[in-house]
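Q: First, the structure itself, so that you have it in front of you.
The values are calculated or read from the model by the stated rules, or taken from the named source; none is laboratory data. Predicted model, so just to flag it, every value in this text is computed and none were measured. In this analysis, Cβ positions are derived from the backbone assuming ideal geometry, glycine residues included, and neighbour counts consider all displayed protein chains. Side chains are part of the model used for accessible areas, which takes the heavy atoms of the whole protein and leaves out ligands, DNA and RNA. Shrake-Rupley method; radii C 1.70, N 1.55, O 1.52, S 1.80 Å.
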Amino acid sequence: MQPATTHARASAPGGSAALARRFADAIGARNVVSDPAELLVYECDGLTHGRTRPELVLLPGSAEEVQAVVRIAAAAGVPLVPRGAGTGLSGGARPSAGSAVLSLARMRRILEIDLEDGWVRVEPGVINLDVTRAVSGKGWYYAPDPSSQTVCSIGGNVAENSGGAHCLKYGFTTHHVLAARVVLSDGSLVEVGGPAPDAPGYDLLAALVGSEGLCGIVVEATLRLLRKPEATRTFFATFPSTDEAGNAVSGIIAAGILPAAIEMMDRLAIEAAKAATGLDWPDVGAVLLMDADGTKAEVEHVAARAVEIARAAGALEIRLPRDEAERQLMWKGRKSAFAAVGRISPSYLVEDGVIPRSEIARVLREIEALARAEGIRVANVFHAGDGNLHPLVLYDAAVPGEEERAARLGGEILRLCIRSGGSITGEHGVGAEKVAYMAEQFRPEDLDTMAKVRCAFDPAALLNPGKVLPTPRLCGERPGPYRPHPAEVAGLAERW
């Protein structure tokens, strides 16, 4: 975990107010934010324990205005930090020193809906849930459903390859983006992919989605829509501990059942959810919440079999919602978990590691042991079906040294995920928070390849510098110790 840098001031991008005037000429003075009080909200994203105040925030309202901003920034050598709704949890939208924030919040139009072919074309500032709201009356929906889907934006979802509770069956954002219009770091506008299921040419979307703003700025996305399932069956199960709940998850998946979603919360997360929502959940060691969807005959069979497995694994109680309203209330408890911990802790850090499903019970025990050793509480709420953990490290930033201890504990949890055969991130991205751990998961050769892909899109490395890749490099530099160029050795050039 990188140490927090509280209220560090970036140096003025471009060095003068003249640059701000050029931006104002391109996008309007009201869309260039420079007042220190207004800049406070842009110091961080949803990860609040590291902050840098930008000198400027730019809010273009169209693809053409994004191009104009990027061209001005490129000519001045000013790095840009793309920002969506600011709900990210890895510091991906945190400003870096000397950069300007490029916010896409004004670009919120749904441009085209084609239900005959099952897609929708939107601008990046469109809120995730608004896509479903726009088509639900016709029996369609957009599958990726992050917990923040009522406020997070499509552009940010594309940058982070966001998932959500139902990604186990339906996949992540990358499985639902058909095409994108992208502004590159030189201001050029390119189109990748297409509305057809398999667009011709190289699959550049695979590199773009999840690139965290390092490859380009998405100004338009074509998204795949799905038909609403005929039926959905939900069950809520309580367990003495996360051991039994973890065994239930393994048993359900091993039985060949593919739930639409299967989520787990431990005792501390349950306590927080109850405090925030007033749910009548019991005081138990763990709960599971599972959705099965599809045809009515299929889901009735699958749900019944999953309940049998949960009982055999040691479930204390099984609840089936009486109606859709009660079902939505159950999911409200799960979806509110991140924000709910604010009821039981003044500050918290959300981690995002991945482990094999079979390792859930053991890893949760080790997380508990790490937390005890550090003297800090950890609440666990996560996508159990694909082993995507979200440990919530609870601390009080007002207590000297506690924020640093929380960050250290978060780092040890990430290392535990790596040792267990997993990953340092499942859906929240690397951003600024996890960049220090990339070299622990990947070899130098792997990181070098990632850097070359980034450089193919952004040779000047002007977009979102300091994120994802552990050591900033100019394109063309080789990783590892510095090696003088032959011209330097010959005395024909100097290193700056």
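Q: To the nearest 10 Å², what's Glu404's accessible area with a 1.4 Å probe?
A: Its accessible surface works out to 100 Å², give or take rounding.
Q: So what's the gap between the Cα centers of the range 372-387 and the range 14-59, to the nearest angstrom?
A: If we compute the Cα centre of each part, the gap is 36 Å.
Q: Could you tell me which of Ser147, Leu89, Gly256 has its Cα farthest along the dipole of the chain towards the positive end, charges placed at Cβ (Lys, Arg +1; Asp, Glu -1), taken about the Cα centre?
A: Leu89
Q: Give me a comma-separated list of calculated 3J(HN,Hα) values for the range 344-359, in order, Karplus coefficients 6.51, -1.76, 1.60 applied at θ = phi - 60°, integers in Hz, x for any Gly or Pro.
A: 3J(HN,Hα) across the range 344-359, in whole Hz: 10, 8, x, 9, 7, 10, 9, 9, 7, x, 10, 9, x, 3, 5, 9.
Q: Give me the percent of accessible area attributable to carbon and sulfur for the chain, probe 1.4 angstrom.
A: On the way: 11160 of 21190 Å².
Here it works out to 53 percent.
Q: So, one more: At a threshold of 8 angstrom on Cα-Cα distance, excluding pairs fewer than six apart, so keeping six or more, what relative contact order does the chain reach in percent?
A: 15 percent.
Q: Now for a different question. With a ≥ b ≥ c the root eigenvalues of the C-alpha gyration tensor of the chain, is it rounded (a/c under 1.5), prolate (a/b larger than b/c) or oblate? Each step should come with its number before you reach the end.
A: Values: a/c = 1.81, a/b = 1.44, b/c = 1.26.
Prolate shape, in that a/c is at least 1.5 and a/b is the bigger ratio.
Q: Moving on. Going by a ≥ b ≥ c, the root eigenvalues of the Cα gyration tensor, does the range 195-236 fall in the rounded group (a/c under 1.5), the prolate group (a/b larger than b/c) or the oblate group?
A: prolate
Q: Could you state how much accessible area Asp25 has, in square angstrom rounded to the nearest 10, with a 1.4 Å probe and all protein chains kept in place?
A: Accessible area, nearest 10 Å²: 130 Å².
Q: Setting aside same-chain residues fewer than 8 positions from Lys452, which lysines have a Cα under 16 Å from its Cα?
A: Lys467
Q: For Leu102, which sequence-distant residues (separation of 5 or more, or a different chain) have an amide H within less than 5 Å of its own amide H, given hydrogens modelled in the peptide plane?
A: Residues meeting the criterion, in which the H sits 1.01 Å from N, are Leu58, Val81, Arg83.
Q: How much accessible area per residue does the chain have, counting only protein heavy atoms and a probe of 1.4 Å, in square angstrom?
A: On the way: 21190 Å² over 496 residues.
Accessible area per residue: 43 Å².
Q: In degrees from 0 to 90, rounded to the nearest 10, what is the angle of the helix 296-312 Cα long axis to the longest principal axis of the chain?
A: 80 degrees
Q: In whole angstrom, how long is each semi-axis of the equivalent ellipsoid of the range 293-377, when you take the square root of 5 times every eigenvalue of its Cα gyration tensor and sort them from largest down? Numbers along the way, then the final one.
A: Values: eigenvalues 191, 78, 30 Å².
Working through the eigenvalues yields semi-axes of 31, 20, 12 Å.
Q: Provide the descending list of Cα extents for the range 333-453 along its principal axes, expressed in whole angstroms.
A: Dimensions of the range 333-453 along the principal axes of its Cα atoms: 44, 33, 27 Å.
Q: A follow-up question, please. Using θ = phi - 60° and the Karplus form 6.51 cos²θ - 1.76 cosθ + 1.60, what ³J(HN,Hα) does each residue of the range 165-175 get, whole Hz, x for Gly and Pro?
A: 4, 9, 6, 4, 8, 9, x, 8, 3, 4, 7
Q: Restricting to DSSP H runs of at least four residues, report the calculated mean residue ellipticity at 222 nm for the chain, -39500 (n - 2.57) per run over all residues, nearest 500 deg cm²/dmol. Present the calculation step by step, with values, prior to reporting the outcome.
A: On the way: 17 runs with 165 residues, N = 496.
One gets -9500 deg cm²/dmol as the mean residue ellipticity at 222 nm.
Q: So, one more: Given Asn464, Pro36, Ile376, which one lies farthest toward the positive end of the charge dipole of the chain, if we put +1 on the Cβ of every Lys and Arg and -1 on the Cβ of every Asp and Glu?
A: Final value for the positive-end residue is Pro36.
Q: Arrange the residues Cys455, Cys417 by how much accessible surface each exposes, largest first, with a 1.4 angstrom probe.
A: Details: Cys455 30, Cys417 0 Å².
Result of the area sort, largest leading: Cys455, Cys417.
Q: Now, a different point. From the Cα gyration tensor of the range 280-330, with a ≥ b ≥ c the square roots of its eigenvalues, which class applies: rounded if a/c is under 1.5, or else prolate if a/b is larger than b/c, or else oblate? Don't skip to the end; give the middle numbers.
A: Working: a/c = 2.72, a/b = 1.23, b/c = 2.20.
Oblate, because a/c is 1.5 or more while a/b does not exceed b/c.
Q: Taking the chain as the reference, fit the longest principal axis to its C-alpha atoms, fit the long axis of helix 242-254 to the helix C-alpha atoms, and give the angle between the two in degrees, 0 to 90, nearest 10.
A: The angle comes out at about 90 degrees.
Q: Mind checking the angle between helix 444-457 and the chain's longest principal axis? C-alpha axes, 0 to 90 degrees, to the nearest 10.
A: It works out to around 60 degrees.
Q: Further question: Could you give each residue of the range 323-332 its phi-based ³J(HN,Hα) in whole Hz, using Karplus coefficients 6.51, -1.76, 1.60 with θ = phi - 60°, and x for Gly or Pro?
A: 7, 5, 5, 5, 4, 5, 5, 4, 5, 4
Q: Could you pull out every residue, at least 5 positions away or on a different chain, whose amide H is within less than 5 Å of the one on Ala286? Hs are placed 1.01 Å off N in the peptide plane, and Pro or chain starts have none.
A: Result for Ala286 returns Phe239, Ser241.
Q: Roughly how many Å² of Lys332 are accessible to a 1.4 Å probe, to the nearest 10?
A: 110 Å²
Q: List every residue whose amide H lies under 5 Å from the amide H of Trp140, counting only residues 5 or more places away in sequence or on a different chain, with H placed 1.01 Å from N in the peptide plane.
A: Long-range HN contacts for Trp140: Lys228.
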